[in-house]
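In what follows, a single structure is set out as structure tokens and then discussed.
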Amino acid sequence: MNILTLNIKMTKTKSLIIFSVLCLFSIILSPAISHASPVIGFDPGNIMDNVVMTNSDTMSVSQIQNFLNSKVPVCDTNHAGFYGSSGTWYGPPFTCLKDYTENNLTAAQIVYNAAKNYNINPQVLLVLLQKEQALITDTWPASYQYKSATGYGCPDSTPGVCNSSYFGFTNQVNNAAKLFHSVIVSSPTWYSPYVLGNNSIKWSPNDSCGSSTVYIQNLATAALYDYTPYRPNQASLSAGYGTGDSCSSYGNRNFYLYFTDWFGSTYAFVSNGINYESVFDPVYYLTNNSDVAAACSNNQICAFNHFISYGLYEGRQSSSNFSILSYAYRYPDLRAVFGNNLTDYVAHYINNGRAEGRVAVGTSSLQSPIVKLNGVDYSAIYDFEYYKNNNPDLANLIGKLNDIGALQHFITYGMKEGRQAKASFNVHTYRGNYNDLRWVFGMNLPAYYMHYVNIGQQEGRIATGIPNFTPIAWYGGTDYSSIYDYQTYISSYPDVKNALGDAYDDTGALLNFINSGMDNGRVASTKFNVNYYRDRYPDLRAAFGSNLKAYYMHYLTKGKSEGRVADTDYYGGTTILNGVNYSAVYDFNYYYTHQPDVAKAIGLNDVAILQHFVTYGMKEGRQANTTFSVSTYKDHNSDLQNAFGNYLPDYYMHYINYGQKEGRVAI
Amino acid sequence: MKIKKTKRSINHKKLSLIAGAILLLIAIPLTYVYAFNGSLFGWKKPTIENTNVDNDSINYGPATPEQQQAGDSVKSGSTTDTPPKPTPIPGSSKKSVEVSITSLNSNSPNGPLQIRAQIGAVDDTGVCTLTLTSPGRSMVTKTASTQSLASISTCNGFDVPLSELSAGIWKAQIQYSSNALSGTASQDVDI
């Protein structure tokens, strides 16, 4: 809290040099400091979380030292001396904080020790050293700055009261740490002018500026007000690191700014036991999400709650170093595990990814979509973008990230459903093109996909375009083409067509024909009609009866080669009964047609008709074909009349056995 | 005279050359530091990732010009939050110091009236006297010592049970006094 006016004691030469340097400074610095960014996210009732203030493990001694080194790369040890306001001369050499020691301890060690002894975040102490005496950034700090390093206990405002026991860097740091510790643990021997709840806090040391009511939410914030009992006004907050108005205060504003810029948020951002500090930057989130900033009035906790409840699931980028989508897009191994579960990506980055050096920004589209699963490379038949874009019904499943889910869906369902997953492979075309595959795989669609993956692609088989479809007509070593034609069969029987898997299910049609079509006498070819075939050949009827399938198989195995006819309608009634062939005197169709009483009484039963002819027809002299009339035969053969008299069956039998061969007249 | 004039001229030239050389020596490293680590010339400042040797969230980059300027302002005293100096009290050896009541609330159901005050000086030798008055009611008086903080002090707290205060408007007055300083603050509270 010391105010020392810098009374520079200068020679003309020094004046020239210093003026020149200051001019150079102003040239270099002026563009940068002319654009102060307003403070975002400062909550006067909750400046810092308790857990952040009490986390004494945030930095090691070496980290503190590295931090100090980084802020003052070059120490201006021999800077020009000056007189302080009290007339004290402060001259070179100046020692920067990174090089400062006291009682053989470095400043870094002293800060670390105080942090550990009082269980206070060393980052809080470092920021305090900056906001009180600019010791972190000062390239030529004077001794008084170390004497009152944390501005503890000796303001110029209380001359004669100041206790010199507070003097010294170590004392200052320890007393500051003790104050914070005492407040935050509610020490019974420590008194604070602030309570948890409503407090009247002045805007600035200027009493005429008045005060405002601040609801202090935690002890860390109370401790900060204990240290600097002023609330920065809007002018101060709007100025960023700059200067506000006559009622502005800066201590708590600068504490907040330095802390957030150097060490991250002043809030723990813990939800369900997970610390989101490494993935959530409230300032970034508020700055880049105007809707959240407006809804939350730039409150960091509100922004965090939005991120946890909505932003995370919406894939909003939450810091300059972490974008959920970018992280998921970049790493297929994570997508293979997490799919669309965004919270898992965040948890992985926090717990593992960050330590593994994984990058979580800079990727705007899904990289290396997964095409392998369980050792199988599906890239020949599957492309993630194609599958996603051509299967809109899977939008909810696939989402933005679930390439593993998409691949699993394709393997589990898509292949069975015959879905196309790559422009260069259509399973239906592939099936249609290759009857050797259909013969093996039938309607087992996944088998076609896998055949292409394993063999077909290498063989150069074609899987796109209009298929060259040659329906299968052979099965089990038998060629059914003489009795079966695929197109004839499915066009004749809609029930069959409807039962097939698709237009290329020739194996299904053939199996249907083999397993039921033949039994039901279905016509599957213009060359073969089983009814014609059966009707035409009584020998077959005698052998097969009503076993229709046997007629088909007979034609395949013998009938065709024997020259039998099966494509035209004709009924060939039997002429043989009890070993006697009556064909010389009997024709079924003639008899059936010219003896309507017989036809009506017996029906289309060639054996029964023949039995009627043998038993009754011959006795009654009925004519049974166009080449034999028993009356003519009797009339022209008197020798037979002598032998047979009027017993007509003997004439029939004589013609059968002898007369036909002898050329006797019978018609 | 001529010789004298020549000597003065030579001295002046020497001084100018020395000043120029020193200026360059200072300007070059300064330019390097600011240009390579700042935003000068549109070059990018190293990111946190690039400079973060421990791969943690600590910013190991150099201080920005804004941060340095803010530090300079603190060093020069233009932006320090320093309480006003005590002012002399006519006819007294003591000086007047600002005292303000920071809390005059009951912040929990049926909790005590929490009365807190800050004193604009660092002093742990004084005494605070709280006086609560309300027309027609008995005055309540309490005393407490003081405790110094970083830049101010505080009375060692007053928690007044509500049972000691009947409903109505009460005036709370805190009188601070030490060997060297004194001050008073008052405020009304509706119980």
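The values are calculated or read from the model by the stated rules, or taken from the named source; none is laboratory data. Given the structure is predicted, the values throughout are model-derived calculations rather than measurements. For neighbour counting, all protein chains shown are included, and Cβ atoms are generated from backbone atoms with ideal geometry for every residue, glycine included.
Can you tell me which residue within the stretch A:534-576, out of those that are of a type in the set (Phe, Trp, Tyr) and under 60 Å from the mean Cα position of the chain (by Cα), is surrounded by the fewest Cβ atoms within 10 Å (Cβ to Cβ)?
Out of the qualifying residues, it is A:Tyr555.
If A:Thr77 passes every condition in (1) at pLDDT 85 or above; (2) surrounded by fewer than 19 Cβ atoms within 10 Å (Cβ to Cβ); (3) within 11 Å of another protein chain (Cβ to nearest Cβ); (4) not in a helix (DSSP H, G or I) but one, which one does it miss?
The number of the failed condition is (3).
One residue is enough: does the stretch A:292-311 have a residue meeting the conditions in a loop (DSSP other than H, G, I, E, B) and either farther than 30 Å from A:Lys131 by Cα or of a type in the set (A, V, I, L, M) (or both)?
no
Going by the structure shown, is B:Asp123 within 17 Å of B:Gly183 (Cβ to Cβ) and in the same structural domain as B:Thr184 (by TED's automatic domain parsing)?
It is true that B:Asp123 is within 17 Å of B:Gly183 (Cβ to Cβ) and in the same structural domain as B:Thr184 (by TED's automatic domain parsing).
State whether one or more residues within the stretch A:210-230 are among the aromatic types (Phe, Trp, Tyr), closer than 29 Å to B:Ser106 by Cβ and within 7 Å of another protein chain (Cβ to nearest Cβ). Spell out how you get there, then give the answer.
Let us first name the residues in the stretch A:210-230 that are among the aromatic types (Phe, Trp, Tyr), namely A:215, A:225, A:227, A:230.
Subset that is closer than 29 Å to B:Ser106 by Cβ: A:215, A:225, A:227, A:230.
Now drop any that are not within 7 Å of another protein chain (Cβ to nearest Cβ), which leaves A:227, A:230.
Yes: one or more hits.
Please go through the stretch A:31-67 and pick out each residue that is more than 9 Å from chain B (Cβ to nearest Cβ) and modelled with pLDDT under 50. Before you say what the answer is, go through the steps one by one.
As a first pass, look at the stretch A:31-67 and keep what is more than 9 Å from chain B (Cβ to nearest Cβ): A:34, A:38-57, A:61, A:64-65.
Listed by number, the list holds a single entry, A:Ser34.
From the list A:Tyr586, A:Tyr592, A:Tyr655, which residue is more than 30 Å from A:Gly545 (Cβ to Cβ) and either outside the structural domain of A:Asp535 (by TED's automatic domain parsing) or without any contact (Cβ under 8 Å) to a residue 12 or more places away in the chain (or both)?
A:Tyr655
Condition check ((1) at negative phi; (2) under 31 Å from the mean Cα position of the chain (by Cα); (3) modelled with pLDDT of 80 or more) across all residues:
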residue	(1), (2), (3)
B:Lys45	yes, no, no
B:Gly77	no, yes, no
B:Ile89	yes, yes, yes
B:Asn107	yes, yes, no
B:Asn110	no, no, yes
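Cβ-Cβ under 9 Å, sequence separation 6+ or interchain: first residue in the stretch A:82-111 and crowded, with 17+ Cβ neighbours inside 10 Å, partner among the basic types (Lys, Arg). Which pairs?
A:Phe82/A:Lys9; A:Leu97/A:Lys71; A:Lys98/A:Lys71; A:Thr106/A:Lys98; A:Ala107/A:Lys98; A:Ala108/A:Lys98
So if I check each of A:Asn547, A:Asn589, A:Asn581, which one is in contact with a Gly (Cβ under 9 Å, 6 or more places away or on another chain) and over 30 Å from A:Asn468 (Cα atoms)?
Only one candidate passes the filter, namely A:Asn589.
With B:Gly61, B:Gly20 as the choices, which residue is within 10 Å of another protein chain (Cβ to nearest Cβ), surrounded by fewer than 17 Cβ atoms within 10 Å (Cβ to Cβ), over 19 Å from the mean Cα position of the chain (by Cα) and modelled with pLDDT of 60 or more?
Values: B:Gly61 fails: surrounded by fewer than 17 Cβ atoms within 10 Å (Cβ to Cβ).
From the options B:Gly61, B:Gly20, the qualifying one is B:Gly20.
For A:Gly339, state whether it is on the phi > 0 side of the Ramachandran plot and surrounded by 14 or more Cβ atoms within 10 Å (Cβ to Cβ).
Numbers: on the phi > 0 side of the Ramachandran plot: yes; surrounded by 14 or more Cβ atoms within 10 Å (Cβ to Cβ): yes.
Against the criterion (on the phi > 0 side of the Ramachandran plot and surrounded by 14 or more Cβ atoms within 10 Å (Cβ to Cβ)), A:Gly339 qualifies.
Have a look at A:Asp207, A:Asp245, A:Asp291 and point out the one that is farther than 19 Å from A:Gly45 by Cα, surrounded by fewer than 24 Cβ atoms within 10 Å (Cβ to Cβ), free of Cβ contacts under 8 Å to residues at least 24 places away in the same chain and within 9 Å of another protein chain (Cβ to nearest Cβ).
Being farther than 19 Å from A:Gly45 by Cα, surrounded by fewer than 24 Cβ atoms within 10 Å (Cβ to Cβ), free of Cβ contacts under 8 Å to residues at least 24 places away in the same chain and within 9 Å of another protein chain (Cβ to nearest Cβ) holds for just one of A:Asp207, A:Asp245, A:Asp291, which is A:Asp207.
Quick check on this structure: which one of B:Ser163, B:Ser96, B:Ser148, B:Ser103 is more than 7 Å from every other protein chain (Cβ to nearest Cβ), among the polar types (S, T, N, Q) and without any contact (Cβ under 8 Å) to a residue 40 or more places away in the chain? First the steps, then the outcome.
On the way: B:Ser96 fails: without any contact (Cβ under 8 Å) to a residue 40 or more places away in the chain; B:Ser148 fails: more than 7 Å from every other protein chain (Cβ to nearest Cβ); B:Ser103 fails: more than 7 Å from every other protein chain (Cβ to nearest Cβ).
Sole residue among the options that is more than 7 Å from every other protein chain (Cβ to nearest Cβ), among the polar types (S, T, N, Q) and without any contact (Cβ under 8 Å) to a residue 40 or more places away in the chain: B:Ser163.
Could you tell me whether any residue of the stretch A:284-298 is touching a Phe, Trp or Tyr at 6+ places or on another chain (Cβ under 7 Å) and within 21 Å of A:Thr54 (Cβ to Cβ)?
No, the stretch A:284-298 has no match at all.
Could you pull out the residue among B:Leu181, B:Leu130, B:Leu149 that is surrounded by 19 or more Cβ atoms within 10 Å (Cβ to Cβ) and either farther than 24 Å from A:Phe167 by Cα or not assigned by TED's automatic domain parsing to the domain that holds B:Ile101 (or both)?
Details: B:Leu181 fails: either farther than 24 Å from A:Phe167 by Cα or not assigned by TED's automatic domain parsing to the domain that holds B:Ile101 (or both); B:Leu149 fails: either farther than 24 Å from A:Phe167 by Cα or not assigned by TED's automatic domain parsing to the domain that holds B:Ile101 (or both).
Answer to the check: B:Leu130.
If the requirement is being farther than 11 Å from A:Leu68 by Cβ and either away from every other protein chain (no Cβ under 14 Å) or modelled with pLDDT of 95 or more (or both), which of these qualifies: A:Leu135, A:Leu128? Before the answer, list the steps.
Values: A:Leu135 fails: farther than 11 Å from A:Leu68 by Cβ.
Selected residue: A:Leu128, the only one of A:Leu135, A:Leu128 that is farther than 11 Å from A:Leu68 by Cβ and either away from every other protein chain (no Cβ under 14 Å) or modelled with pLDDT of 95 or more (or both).
Pull up the stretch A:335-363, narrow it to residues that are closer than 27 Å to A:Lys422 by Cβ and in contact with a Phe, Trp or Tyr (Cβ under 7 Å, 6 or more places away or on another chain), then point me to the one that is modelled with the lowest pLDDT.
This residue is A:Phe338.
Rundown of residues vs (1) touching a strand residue (DSSP E or B) at 6+ places or on another chain (Cβ under 8 Å); (2) in the same structural domain as A:Pro122 (by TED's automatic domain parsing); (3) at pLDDT 95 or above; (4) closer than 21 Å to A:Val52 by Cβ, yes/no style:
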residue	(1), (2), (3), (4)
A:Ala177	no, yes, yes, yes
A:Phe180	no, yes, yes, yes
A:Gln217	no, yes, no, yes
A:Ile274	no, no, no, yes
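So is A:Thr575 at pLDDT below 95 and in contact with a strand residue (DSSP E or B) (Cβ under 7 Å, 6 or more places away or on another chain) or not? Break it down into steps so the answer makes sense when it comes.
Working: at pLDDT below 95: yes; in contact with a strand residue (DSSP E or B) (Cβ under 7 Å, 6 or more places away or on another chain): yes.
Taking the combined requirement at face value, the residue satisfies it.
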